[in-house]
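K.L.:
If you scroll down you'll find the structure; I have some questions about it.
The values are calculated or read from the model by the stated rules, or taken from the named source; none is laboratory data. All values derive from a computational prediction rather than experimental measurement. Note: ideal-geometry Cβ built from the backbone for every residue, glycine included; neighbour counts use all protein chains shown.
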Amino acid sequence: MSPVVTKARKKPPAAWSDTRLVKACLSGDEEAWSSLIDKYKALIYSIPVKYGLSQQEAADVFQATCTELLVRLPELREPRALPKWLMQVAHHESYRWKRQSQRTVSRDAETDLPEPTTPAIAESLFQQTQEEQMLREA
């Protein structure tokens, strides 16, 4: 029976500092990457939830934020700034998703409107649209 060889670590990756986790991630340590994501998943998910996004949209924001982290990690100058950076990226992605979903809803709503058949109906729809826009801007 052959002995099991394991790498000895001083601390488990979950207990490592951000600086050490980032350094290990940059050297290709998959366990460190998993620990880094696990450490900040609640923070990342909390942002789209505050924007009122659905669970699926929040998962998409999470994935986009993690992808951005993977791409930009080598450019991160100060690993201690990672939580703030993640929050900024998650805010940006959440805002983008929110705007995108509002545009989709607006376009769908417009296609459902019946074509006005008389000038009176057209004028009424125009006034209603103006009032709705004023309420949105207020």
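K.L.:
Of the residues LEU70, LEU36, LEU21, only one is assigned to a helix (DSSP H, G or I), surrounded by fewer than 14 Cβ atoms within 10 Å (Cβ to Cβ) and at pLDDT 95 or above; which?
P.N.:
Details: LEU36 fails: surrounded by fewer than 14 Cβ atoms within 10 Å (Cβ to Cβ); LEU21 fails: surrounded by fewer than 14 Cβ atoms within 10 Å (Cβ to Cβ).
Matching residue, one of LEU70, LEU36, LEU21: LEU70.
K.L.:
In addition: Which of the residues belonging to the stretch 39-67 are surrounded by 16 or more Cβ atoms within 10 Å (Cβ to Cβ) and β-branched (Val, Ile, Thr)?
P.N.:
Those that are surrounded by 16 or more Cβ atoms within 10 Å (Cβ to Cβ) and β-branched (Val, Ile, Thr): ILE44, ILE47, VAL61, THR65.
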